[in-house]
Amino acid sequence: MKLIPTFWFDEFSTFISIRKIIEKGMENGEFKNTLDPQSYAVRIDTMIQGATFMTYIMDNEQYMKDTMDQIQEMIHRELII
């Protein structure tokens, strides 16, 4: 039997949490109701994972700061009503 690495569950739960936040924002009328929560959750989660990797490998927090700024800009530009 092949075991699934523990870190996979953490990453998957982060993705699910992001999707649920987007869905809740849509339900509350805070986000556009035409969004695809799955697609945006994948984009945001992927951006965070990449920034985490680069921050660790390069020992430079600027990667994370820049990525979080980009995510914030995307949220304001594409998600918020």
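The values are calculated or read from the model by the stated rules, or taken from the named source; none is laboratory data. Not measured: the values here are computed from a predicted model. Don't worry about glycine lacking a Cβ; one is built from the backbone with ideal geometry, like all the others, and counts go over all protein chains shown. Accessible surface is based on the protein model in full, side chains and every heavy atom, while ligands, DNA and RNA are left aside. Shrake-Rupley method; radii C 1.70, N 1.55, O 1.52, S 1.80 Å.
Within the shell of other residues whose beta carbon sits under 10 angstrom from the beta carbon of residue 51, the net charge comes to -1, with Lys and Arg scored +1 and Asp and Glu -1.
Note on residue 13 and residue 59: with the Förster distance fixed at 22 Å, the Cβ-Cβ geometry gives a FRET efficiency of about 0.25. Across the accessible surface of the chain, with the other protein chains kept in place and a 1.4 Å probe, carbon and sulfur atoms take up 58 percent. For the stretch 22-30, backbone phi angles converted through the Karplus equation (6.51, -1.76, 1.60; θ = phi - 60°) give residue-by-residue couplings of 5, 4, 5, x, 5, 4, 7, x, 8 Hz, Gly and Pro being listed as x. Between 58, 47, 26, the residue with the greatest mean-square fluctuation in the GNM of the chain (Cα pairs under 10 Å linked by springs) is 58. Seen from residue 78, the other residues with C-beta closer than 14 Å to its C-beta sum to a net charge of 0, counting Lys and Arg as +1 and Asp and Glu as -1.
Over the chain, accessible surface divided per residue gives 76 Å², non-protein components excluded, 1.4 Å probe.
Taking Cβ atoms as reference points and 13 Å as the exclusive limit, the residues near residue 67 contribute a net charge of -3, counting Lys and Arg as +1 and Asp and Glu as -1.
Computed from label points 7 Å out along Cα-Cβ, the spacing between residue 72 and residue 42 is 2.7 nm.
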